[in-house]
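A short write-up of the structure that comes next.
The values are calculated or read from the model by the stated rules, or taken from the named source; none is laboratory data. For clarity, every value in this text was computed on a predicted model and none was experimentally measured. Methodologically, a virtual Cβ is constructed for each residue, glycine included, from the backbone with ideal geometry; neighbour enumeration extends over all protein chains shown.
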Amino acid sequence: MLKNLRFIALAAALLLAVTLVACGGGDDSEGDNGNSGDSGNGDGGDSSSGVELGEKELTVPYVAWAGAIARTPLVKQLLEEVGYTVETKQVEAGAMWSGVAEGDASFMTASWLPATHQSYQEKYGDKVEEVGIFVDKAPLALTVPSYMDVESVKDLKGNKDLGEAVDWTINGIDPGAGIMQNTQDALKKYNLEKWELQEASEGAMISALQEAIDNEEKIVVPLWKPHWAFAKMDLKMLDDPKEIYGGEGDRIGAVAKKSFKDDSPAAYKFLERFTEDYNQEIENVLLKKGREMEPEKAAKEYISNNQEKVDEWTKGLGN
């Protein structure tokens, strides 16, 4: 009987020893490293969060609008710090939406919803996901220099003095922009029969606006906030009682392809954090700096001056 008990005890001891070795509990140094043994692999796993880089090559289309031009380089540089390769492409609004929807692009940083990009949302909404918001309320409207004697879009109807002064023309931006469609709707719904909307680029429109102000001439343009033009020039947005331009304003957000979260988990997590913390102050800093230097340099300077915030956005992701 005693021999049987000794045999059982010995077997139990051997079983315990084998279990400890299999679990890595026999060596403290191996236990410390074991948690991250697979996290540094080519998939870009992370020891603290388990978030992987996934697909590392990202494409981010953007439109040549002030906010997008300022915002996109910051996103690009931060994602590259995490470990991604980011290609940015300047396109028109329609190509930006279709590229993301069809999976040719990863995400964008310049959706204007629900009003300005309503037609794109209706067309592509089931193929994209809104990841987060940069600016809660971004108003859009027909805009004039403050010295002009008009206060509302209604004041344009039959306004011979103003119409002849500007050749019955509203100086617009690129034709694919939602604010251009809004303006075409405004011409119809406010019965502005004589007025025409001229297509151009944002840069050309801003140049025309600055030239008119320099010469104290009249001009009408579609414009939005936030935009550095309101800090540099004395402007006023015209009232829009029919709310053709969306009332209090659209939300500017990040929209990604449906598979983005699965394809590039760390980039998706970064974008969630970034949009949660992004605010009007950051937008204004980027817009201001973007007027004084190249947007890429402005983004680099912002990162250097706000490292603590950057660390919060990128903690536990990639590199």
Kindly evaluate Ser207 against the criterion of being small (Gly, Ala, Ser), without any contact (Cβ under 8 Å) to a residue 12 or more places away in the chain and not assigned by TED's automatic domain parsing to the domain that holds Ser111.
yes
For the stretch 252-268, indicate whether the set of residues that are among the β-branched types (Val, Ile, Thr), at pLDDT below 95 and not in a helix (DSSP H, G or I) is non-empty.
yes
Does Lys242 satisfy the condition of being over 20 Å from Val135 (Cβ atoms), outside any helix (DSSP H, G or I), touching a residue at least 24 places away in the same chain (Cβ under 8 Å) and in the same structural domain as Val153 (by TED's automatic domain parsing)?
no
Pick from the stretch 47-78 the residues that are over 30 Å from Ile173 (Cα atoms) and in contact with a helix residue (DSSP H, G or I) (Cβ under 7 Å, 6 or more places away or on another chain): which of them is modelled with the lowest pLDDT?
Val51
Looking only at residues in the stretch 221-276 that are acidic (Asp, Glu) and surrounded by 19 or more Cβ atoms within 10 Å (Cβ to Cβ), which one is nearest to Ser111 (Cα to Cα)?
Asp250
Going residue by residue through the stretch 270-285, is there one that turns out to be at positive phi and either outside the structural domain of Lys188 (by TED's automatic domain parsing) or not in a loop (DSSP other than H, G, I, E, B) (or both)?
no
The condition of being surrounded by 13 or more Cβ atoms within 10 Å (Cβ to Cβ), over 21 Å from Ala110 (Cβ atoms) and in the same structural domain as Ala101 (by TED's automatic domain parsing) holds, among Lys218, Lys289, Lys309, only for Lys309
Matching entry among Leu209, Leu223 (being part of a helix (DSSP H, G or I) and either within 22 Å of Gln90 (Cβ to Cβ) or out of contact with any helix residue (DSSP H, G or I) (no Cβ under 7 Å at 6 or more places or on another chain) (or both))
Leu209
Can you pull out the residues in the stretch 103-125 that are acidic (Asp, Glu) and touching a strand residue (DSSP E or B) at 6+ places or on another chain (Cβ under 8 Å)?
Asp104
Residue selected from the stretch 153-172 under the condition within 29 Å of Ala68 (Cβ to Cβ) and not β-branched (Val, Ile, Thr), by the criterion surrounded by the fewest Cβ atoms within 10 Å (Cβ to Cβ):
Asn171
Would you say Glu283 is among the acidic types (Asp, Glu), farther than 30 Å from Pro175 by Cα, under 20 Å from the mean Cα position of the chain (by Cα) and surrounded by 15 or more Cβ atoms within 10 Å (Cβ to Cβ)?
no
Tell me, yes or no, whether the stretch 187-196 has at least one residue that is part of a helix (DSSP H, G or I), of a type in the set (A, V, I, L, M, F, W, C) and touching a strand residue (DSSP E or B) at 6+ places or on another chain (Cβ under 6 Å).
no
Restricting attention to the stretch 67-87, which residues are under 12 Å from the mean Cα position of the chain (by Cα) and either part of a strand (DSSP E or B) or not β-branched (Val, Ile, Thr) (or both)?
Gly67, Ala68, Ala70, Arg71, Pro73, Leu74, Lys76
Here is a list: Lys123, Lys160, Lys127. Which entry is basic (Lys, Arg) and in contact (Cβ under 8 Å) with a residue 40 or more places away in the chain?
Lys127
